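Colleague: My questions will all concern the structure given below.
The values are calculated or read from the model by the stated rules, or taken from the named source; none is laboratory data. Bear in mind the structure is a predicted one, so any value in this text is a computation, not a measurement. Virtual Cβ from ideal backbone geometry, glycine too; neighbours counted across all protein chains shown. In case anyone asks, the SASA skips ligands and DNA or RNA and just uses the protein heavy atoms, side chains included. Shrake-Rupley method; radii C 1.70, N 1.55, O 1.52, S 1.80 Å.
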Amino acid sequence: MQRLLIGFIALAVVIVLLCVATLCFGAVNIPFADVVQALFSPGADVSSNILWNLRIPRMIAAILAGASLAVSGLSLQTVFRNPLAGPFVLGISSGASLGVALALLAGIGFGSVGVLGSAALGALLVTLVVMFAATRFAQTGVLLIVGLLTGYFIDSIVSVLIAGNSSESLRVYVAWGMGSFGRVTLGDVWIFVVAVLVGLVMIGVSLRYLNAALLGDDFAHGLGLNVKRSKICVLLGASLLAGATTAFCGPVAFIGIAVPHLAYLLFKTTNHRVLLPGAALCGMALALLGGLFPASVPLNAVLSLVGVPVIMWVLVRGSGARF
Amino acid sequence: MTNAESQNVLLECKDLLVGYGAALETMKCPFDFALSSGTVVALMGENGCGKSSLLKTFAGLLKPVAGEVSLEGKSLTEWAPRERAQEISLVRMSSAVPLRMSVNEFVRLGRSPYSGIFDSRTAEDNRVVEESMTLLDVLSFADRPIAELSDGERSRVFLAEAVAQQVKVLLLDEPNAFLDIPRSHALFRLLKKIATERDMGIIVSTHSVEYAERYCDKIMVVNGGTVRVAPASEARKEGLLDWTDACYE
């Protein structure tokens, strides 16, 4: 009990500090007093402009992306009972990339409903493939191979699409592919918020299933759960979260696969009542931290620097590898 | 059958035909069976004869090929899943356990059918969990990961989970497969005790004729695609155990 309290308070403090840092530091040096003033009484000056049009949207994007990917990764790991599952490994992020690439080539701007819609659709499509594979093959190893292959396949489709295109859409797509929290604007951030909330609710109402699913579908059925319905609900929620994040921030690697393990290290429980919010908070903190680096360093490079050691740890410890 | 007796029946099947094995082969003859409260039934038969499939059918995990299973007078298919989970539980020792889950967390899952949408636990839930863990003597290692336990300890943890579920009908698939001899005796004594004290009906599959005859009230044998039931004291006389002496070359 004490561990939970300390864990959540520590995470909350870290997140608040990182939020403050996100608002205070950036390419342009703004004194702290000006930041506070721009925050509480925004005017027409440069400071207010930077704060409200750049830094606040970036902060919100990092918070939403971190929470979504962490929750999406955790629920995928639980449903497929595999510690290495995640939106990336299962190809769901690639599916979203395909959607974005198609939308970009069709000339729809960033952040609009069109890009989000096609990204979510792409993510959903891959989720359906993975779901089909999961019902056909019992071993989760096969599932991961199917996910990885699907990811590779989609990446090549995207490459072919990009190769036959003008340098302008190529440039935009490559920039998007590096991942960034800086592309969300205050005007369309609400779409991101709504998509994430819907995804979180779909997974949140399936808490009973997630806890029982750790022991397999037959066990969950024995506890009186509607396994089929809950599973679909969780997977749709997870792909919506991953799809929305990919649409707005690009394919952000590692949070989905690494953060659930971080959350476990912190809270030492398999109960999703604790683990889900815990992972969401850890994801927020990691994303905010990654977003603090200068825009010239690609976000994915920063996140991989943190993510790779965590995955290494999981593999070496072996605790996760066999689940 | 008098009225008083029929009220006592927890699980009943009529003209039941069960499919089993990978090819879902169907058993030869349909059978009737009733499980009354306070009784322990031993389910016996060779490997691959369909014992596990029979238990799964009783638990509603497998659809019967023909016939019907009813739980407390109501067809199994008419039960709402969550209410059914408060009345019947199938415990399989072979279930793969997640490496990180502790004994305490696992036993608490048994309260899942009673919990709300956010899977919280009440004081009553905590009391039942602790009582079940005491009954199965697993409290001393409540915080250890299940995956690190010995097979015998794990069997008791699985049972504690089912007891915490407070079901009326308990179906056990080879609970003593991994237990040593003293623990097996203790387990069967315990089954008889909780069946009597809590008015439960228990069906337990086992390969041990000794435990079946000594601790169970009835013996149910699946052999050659037919299911036969007799009181434990008469099973041998009626030839239900003849198959145990068959020799293979």
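Colleague: If the elastic network links every pair of Cα atoms under 10 Å, which of A:Phe137, A:Phe80, A:Phe248 fluctuates the most in the Gaussian network model of chain A?
Modeller: A:Phe137
Colleague: Here is a follow-up. From the Cα trace of the stretch A:124-199, what convex hull volume per residue do you get, rounded to a whole Å³?
Modeller: Convex hull volume per residue, Cα atoms: 133 Å³.
Colleague: Quick one: work out Rg over Rh on the C-alpha atoms of the protein assembly as shown, Rh as Kirkwood radius. Kindly include the intermediate steps, with their values, before the conclusion.
Modeller: Numbers: Rg = 28.3 Å, Rh = 26.3 Å.
Answer for the protein assembly as shown: 1.08.
Colleague: With every protein chain left in place, what is the accessible area of B:Glu210 in Å² (1.4 Å probe, nearest 10)?
Modeller: 100
Colleague: Can you give the average number of partner chain beta-carbon atoms within 10 Å of each beta-carbon in peptide A:203-215, as a whole number? Could you put the intermediate results ahead of the total?
Modeller: Numbers: counts 0, 2, 2, 2, 7, 9, 2, 1, 7, 4, 1, 9, 9.
Mean number of neighbouring Cβ atoms from other chains: 4.
Colleague: Roughly how many whole Å is it from the C-alpha centroid of the stretch A:32-75 to that of the stretch A:230-285?
Modeller: Value for the Cα centre distance between the two parts: 21 Å.
Colleague: Still on this structure, I have one more. So what is the relative contact order of the stretch A:63-322, in percent, for Cα pairs below 8 Å that sit 6 or more residues apart?
Modeller: Relative contact order comes out at 35 percent.
Colleague: Could you name the aspartates and glutamates whose alpha carbon sits less than 15 Å from that of A:Lys268, not counting residues in the same chain fewer than 8 places away?
Modeller: Within reach: B:Glu105, B:Asp143.
Colleague: What is the Å³ per residue value for the convex hull set by the Cα atoms of the stretch A:63-322?
Modeller: Output value, Cα hull per residue: 113 Å³.
Colleague: Using a Debye calculation, one point per C-alpha and no hydration shell, please list log10 I(q)/I(0) for the stretch B:24-155 at q = 0.09, 0.14, 0.15 Å⁻¹ in order.
Modeller: With no solvent term, the Cα-only Debye profile gives -0.36, -0.85, -0.96.
Colleague: I need the semi-axes of the equivalent ellipsoid of the stretch A:198-323: take the C-alpha gyration tensor, multiply each eigenvalue by 5, square-root it, list largest first in whole angstrom.
Modeller: 28, 18, 12
Colleague: Moving to a separate point now. Cβ under 11 Å from B:Lys51's Cβ, B:Lys51 left aside: what net charge do those residues give with Lys, Arg +1 and Asp, Glu -1?
Modeller: -2
Colleague: Where does the stretch A:194-262 land on Rg/Rh, using Cα atoms and the Kirkwood Rh?
Modeller: Rounded to two decimals, Rg/Rh equals 1.04.
Colleague: Another question about this same structure. How would A:Trp313, A:Trp176 line up by accessible area, probe 1.4 Å, largest first?
Modeller: Working: A:Trp313 85, A:Trp176 0 Å².
Listed by decreasing accessible area, they come as A:Trp313, A:Trp176.
Colleague: Could you tell me which of the pairs B:Lys193/B:Lys237; A:Lys228/B:Lys56; A:Lys231/B:Lys51; B:Lys28/B:Lys74; B:Lys56/B:Lys168; B:Lys74/B:Lys193 are separated by over 20 angstrom between their Cα atoms in the structure shown?
Modeller: Distance filter (> 20 Å) returns B:Lys193/B:Lys237; A:Lys231/B:Lys51; B:Lys28/B:Lys74; B:Lys74/B:Lys193.
Colleague: Taking only Cα atoms and a 10 Å spring cutoff, compute GNM fluctuations for chain A and point out the largest among A:Val196, A:Val234, A:Val142.
Modeller: A:Val142
Colleague: For the stretch B:182-241, state which trypsin sites (Lys or Arg not before Pro) are in a DSSP loop and have at most 12 other beta carbons lying within 10 Å of their beta carbon. Walk me through the intermediate numbers first.
Modeller: Details: sites: B:Arg183, B:Arg189, B:Lys192, B:Lys193, B:Arg198, B:Arg214, B:Lys218, B:Arg228, B:Arg236, B:Lys237; in loops: B:Arg198, B:Arg236, B:Lys237.
Hits after loop and neighbour filter: B:Lys237.
Colleague: Now for a different question. Which of A:Ala163, A:Ala134, A:Ala285 moves the most in a Gaussian network model of chain A with Cα springs under 10 Å?
Modeller: The residue that fluctuates most here is A:Ala163.
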